[in-house]
Amino acid sequence: MDLSERKKIILAALIRNFIKTGEPVGSKALIELTNLGVSSATLRNEMSELCELGLLEQPHTSAGRVPTSVGYSFYFDRLMNRRDVPDDLKLIIDNMLLDAAKDPENLASIAGQLLSDLTGFPAIMATVTREEAYVRRVEILPMGSKTVLLLLITSDGLARSRICRSVFSLSPEFLVQFDRLVSVNIIGTSLSEFTPAFLQTLVAKNSSLALFITPLLSSIFEMVEELRSRTISIKGESNLMKCYSNEYDARAILELFTRQELLFSLLAGTRQRTEVVFGDKTGIDELKPSNIVVAKYDIGGEDIGRIGVLGPTRMAYEQLIPSLEYFAGRLGAVMTQAIRDLDENY
């Protein structure tokens with residue numbers, strides 16, 4: 001869509017003012033906001049044409065105009081002046097994520113809370129395990145005569161650990177045997193192949209050790225199931241009442257948070273590095289007054305993560321989008337390093 005320079009100036013000024021005030025913007029206000037040196041009538045004509053193009057709408061006959069999702073999209077792509085992330089904010093994000101990396105398995109969940117605290121909006125995180133992901137490594141670490149710590153790392157760089165307790169003593173000789181069983185039968189196996197039948201086959205092939213290996217294999221399968229499942233984390237729900245002036249809208253979003261599969265599909269469906277999911281385009285009534293700003297993050301070079309914030313349509317995107325991009329980039333780097341450290345230490 002091509003717009004004249006004057007229309008671009010009007011659209012950008014109107015959207016910035018609407019984000020700031022939350023009120024429809026009229027021609028008189030635009031005279032001061034744009035300094036175009038044209039009359040109110042000319043500005044009204046320009047706004048009417050922007051409405052015809054679907055970029056603006058008029059909530060009431062006598063009111064000013066407000067941006068539509070199409071108008072916001074045009075603004076994000078072609079008009080928005082992205083602000084640089086301040087160095088002090090970068091330092092805060094870096095230090096917070098490095099501290100969170102001390103708990104690598106819960107790093108994603110902790111990061112969601114950190115993002116919510118920084119932005120004042122509820123944060124949503126989703127991890128998408130690829131169908132072709134496979135088990136890259138399993139470490140078996142004795143913690144006592146009947147207890148071991150199992151650490152599992154996938155080809156995507158995701159990790160899980162679990163303490164497994166047995167009613168039998170687990171001798172060093174048995175653990176060597178079990179490690180060999182894992183190397184032959186589990187390492188390199190895709191996550192999609194882990195089924196009850198696969199577990200039963202492994203136990204049957206090693207029937208003489210069935211009583212010993214069953215709890216350990218069951219723990220491995222439980223970790224795989226966690227990694228294979230679609231995971232979504234929502235943090236900062238308490239911020240809803242602060243960022244929505246309409247209590248009804250806030251409560252509707254809170255109810256929506258219980259429909260996690262729906263939210264997962266919205267985040268997982270994003271394709272750009274950073275993307276705005278327009279609530280009124282989703283077909284979900286509860287989301288109509290809201291947008292979700294989503295950024296990708298990579299783990300070990302694999303695109304498997306999404307993190308975003310949900311808030312009213314008039315969020316401060318010029319600062320929010322670059323800050324979220326920086327946060328997502330640093331999160332991916334910190335998670336990748338945390339997995340490498342786990343790999344090396346074990």
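The values are calculated or read from the model by the stated rules, or taken from the named source; none is laboratory data. Not measured: the values here are computed from a predicted model. Here the Cβ is made from the backbone with ideal geometry for all residues, glycine too, and neighbour counts use every protein chain on show. With ligands, DNA and RNA removed, areas are computed over all heavy atoms of the protein, side chains included. Shrake-Rupley method; radii C 1.70, N 1.55, O 1.52, S 1.80 Å.
Filtering region 157-180 to residues that are within 29 Å of THR127 (Cα to Cα) and either in contact with a Leu (Cβ under 8 Å, 6 or more places away or on another chain) or surrounded by fewer than 12 Cβ atoms within 10 Å (Cβ to Cβ) (or both) leaves LEU158, ALA159, ARG160, SER161, ARG162, ILE163, CYS164. In contact with a strand residue (DSSP E or B) (Cβ under 8 Å, 6 or more places away or on another chain), under 25 Å from ASP341 (Cα atoms), surrounded by 14 or more Cβ atoms within 10 Å (Cβ to Cβ) and not β-branched (Val, Ile, Thr): does that describe LEU152? Taking the combined requirement at face value, the residue satisfies it. Please work out if SER109 is within 14 Å of LEU324 (Cβ to Cβ) and open to solvent by less than 60 Å² (accessible area, probe 1.4 Å). For SER109, the condition - within 14 Å of LEU324 (Cβ to Cβ) and open to solvent by less than 60 Å² (accessible area, probe 1.4 Å) - is not met.
Just so you know, in region 160-192 the residues that are of a type in the set (Ser, Thr, Tyr) and either closer than 14 Å to GLY144 by Cβ or not in a helix (DSSP H, G or I) (or both) include one that is modelled with the lowest pLDDT, and it is SER161. Scanning region 220-235 for residues being open to solvent by less than 50 Å² (accessible area, probe 1.4 Å), in a helix (DSSP H, G or I) and over 14 Å from ALA159 (Cβ atoms) gives a total of 1. When we screen ILE292, ILE339, ILE321 for residues that are within 13 Å of the chain's Cα centre (by Cα) and crowded, with 18+ Cβ neighbours inside 10 Å, the only hit is ILE292.
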